[in-house]
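The values are calculated or read from the model by the stated rules, or taken from the named source; none is laboratory data. If you're wondering where the values come from, they're calculated on a predicted model, not measured in any experiment. Virtual Cβ from ideal backbone geometry, glycine too; neighbours counted across all protein chains shown. Heavy atoms of the whole protein, side chains included, go into the accessibility calculation; ligands, DNA and RNA do not. Shrake-Rupley method; radii C 1.70, N 1.55, O 1.52, S 1.80 Å.
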Amino acid sequence: VQPADGGQVEEVYEPATGRVLCKLPCSGEKEVDLAVQSAKAAFKIWSQMSGMERCRVMLEAARIIREQREEIATMETINNGKSIFEARVDIDISWQCLEYYAGLAGSLAGEHIQLPGGCFGYTRREPLGVCVGIGAWNYPFQIACWKAGPALACGNAMVFKPSPFTPVSVVRLAEIFTEAGVPKGLFNVVQGGAATGQFLCHHPDVAKISFTGSVPTGMKIMEMAAKGIKPVTLELGGKSPLIIFSDCSLENAVNGALMANFLTQGEVCCNGTRVFVERKILDTFTKEVVKRTQKIKIGDPLLEDTRMGALINRPHLNRVQAFIKQAKEQGAEVLCGGDLYVPDDPKLKNGYYMRPCVLGNCKDDMTCVKEEIFGPVMSILPFDTEEEVLERANATKYGLAGGVFTRDIQKAHRVVAALKAGMCFINNYNASPVELPFGGYKSSGFGRENGRAAIEYYSQLKTVCVEMGDVESVF
C-alpha cells in the first residue's frame, strides 16, 4: 500500500470538474519488482488449487462487486467522466465476467489420445505464471476484470497497471479480490505511466503481457516483450465502419449509429465512426441522426438523466477539437455540435465537455475519416453499391470492429463475412457480452479477450507421451 520507492508524483484530475482528484506516486523499478515477486509467491499457492477452489473465490469476488455496484460505479464516474448510467453497465459486465470465468475454471482440462500398441498421450493445460495487465482509461474497472478473469481462472497471478489518468477503481478491485480470499499478492496494482510499463515488460519473471490502448504504445510493448520471448495480447485502436443499407429499420439504424459513436463520450476503441449510408436514404438518415444528437443530455455525469459526461482531460479535449477544426479545413461540414460545452452548474465550469459532433460531406481521404479521433465525432459518408462500400470499409490499417444494418439477413451475413474486422455487429452495435471473444485484425492487434478463446491466451499446453512397453532403440 505504501510506495516502495519515491519516484515521480502526478496529479489526477476529475474530468467533470477539472479539480485535482488525488496525487499519484508512480511505481519505480523497486516497487514493480516487489509486486512481481509478491505475485510469484501467490502463484505457487493459487496454481496448485483445483479449478473448483478457484471458482469459489472468483464467485465471491463477483458477489462483492455486484453488492457494491453503486459505490464502484460512482467511483468510476468521478475518475473517468462517463455517465453514472454507463458506469453501472460497466460494473455489471465486470462481475458477469468474473462469474463466467469462475464457471470455466472447474472445467479446464487437457486431452487423452490413444496411441498404437496400448500406448497413450495426454495434454495438460497449465498456467503461465505472473501475467501483466496494462489497462486503458476509458473502461478502467471493466478492462481489469476482462484481463483478471481468464488469467485467474487458469491459475495465473496478475500485476495490473491502470492508466495514470484513471488509477482509482482498480485499487478497489484488488481489495475485493483480497476480501474474496485470493492468496495475498495474487492481484497486485502498480501505478504510473510509460516508465512503470517498461519495468513490467522487461521484468524477467513476467510470463505474459496483455495491453489495451493505442497502436503506437502497442508496438512498443510488443518490441519489449520480444526481448524476453513473452506472449502478448494487444487490444488496440480502430476506425471501424458502420454500414447502413436503405432496407434497414431507420429508427434502429439511428439508434445503432448513436451507440456506435457517442458511448463514453466517443472514447471507445471499437466505435463505428465511419458511418457509410446508402445514398437513397442519406438525407433522411442524416436529418434524424442530427436531431437525435442535438437532444443528448450533456453535463454532470453523476446525474441520472445525463447521457454524456466529460472527456478524460484537457489535452485530449483539445486534441479532439483539433480534429474537428482540421475536418472543416479539409471540406467536411459540421452538421451539429463540435463546440465546447459549459454546464450551468458553476462547479462544472472547468470540466472537459463538448457537444457531440456529426460531420457531413466527408471523403475517404480526410484525416477525420482515416484517423482514430477517440471523441464524440461521427463522420457520415454516402455509398451506392455493396461492392463499393465493402472495398471502402476495408481500406484502413485498422480492423477492430464493423457493423451492418439491413433487413436482408443474407446480405447481412455476406457483408460481415467480407469485413476484415475481429468483432462485427448485425443490426446492433457496441454490445459486449463476455461469452463472445473480443479483439481485432491488422493493426488493431491480436489475441482475444472474453469467451473461451481467452483461455488459450492465459494458459499453455504440455504434451505427455506414455510408452507402455520397452523402448525400441535404433542404436
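Mean sequence separation of contacting Cα pairs (under 8 Å, at least six apart), scaled by the length of the chain, corresponds to a relative contact order of 19 percent.
Share of the chain's accessible area from carbon and sulfur, percent, 1.4 Å?
Details: 11030 of 20230 Å².
Here carbon and sulfur together make up 55 percent of the probe-accessible area.
Using a cutoff of 8 angstrom between alpha carbon atoms and counting only pairs six or more residues apart, the relative contact order for region 105-208 works out to 28 percent. Within the same chain, lysines fewer than 8 places from Lys280 are excluded, and of the rest, those with a Cα less than 21 Å from its Cα are Lys291, Lys363, Lys411. Put a dot 7 Å past the Cα of Phe120, heading toward its Cβ, do the same for Glu371, and the two dots end up 6.0 nm apart.
Counting 0.36 nm for each residue step from Lys411 to Ala195 and taking away their Cα separation leaves a gain of 72.9 nm. Straight-line reach from Lys40: which lysines fall under 28 Å, measuring Cα to Cα and dropping same-chain residues less than 8 apart? Within the straight-line cut-off, Lys40 pairs with Lys30, Lys147, Lys161, Lys184, Lys208, Lys220, Lys227, Lys230, Lys462. How high is the relative contact order of region 371-475, in percent, with contacts defined as C-alpha pairs under 8 Å that are six or more residues apart? Across region 371-475, relative contact order equals 20 percent. Remark: spin-label model distance Glu70-Glu472 equals 7.3 nm, labels positioned 7 Å along the Cα→Cβ axis.
Relative to its residue count, the chain spans a Cα convex hull of 171 Å³ per residue.
Stretched out straight at 0.36 nm per residue, the stretch from Arg56 to Lys44 would grow longer than its current Cα-Cα span by 2.5 nm.
For Lys297, a cut-off of 26 angstrom between C-alpha atoms picks up these lysines, skipping any fewer than 8 places away in its own chain: Lys82, Lys239, Lys287, Lys325, Lys328, Lys347, Lys349.
Which GluC sites (Glu not before Pro) in region 217-311 sit in a loop by DSSP (not H, G, I, E or B) and have at most 13 other Cβ atoms within 10 Å of their own Cβ? All intermediate terms of the calculation are to be shown ahead of the outcome.
On the way: sites: Glu223, Glu235, Glu251, Glu267, Glu278, Glu288, Glu304; in loops: Glu267, Glu304.
Passing sites in region 217-311 are Glu304.
Solvent exposure of the chain, expressed per residue, is 43 Å² of accessible area, with all protein chains present and a 1.4 angstrom probe.
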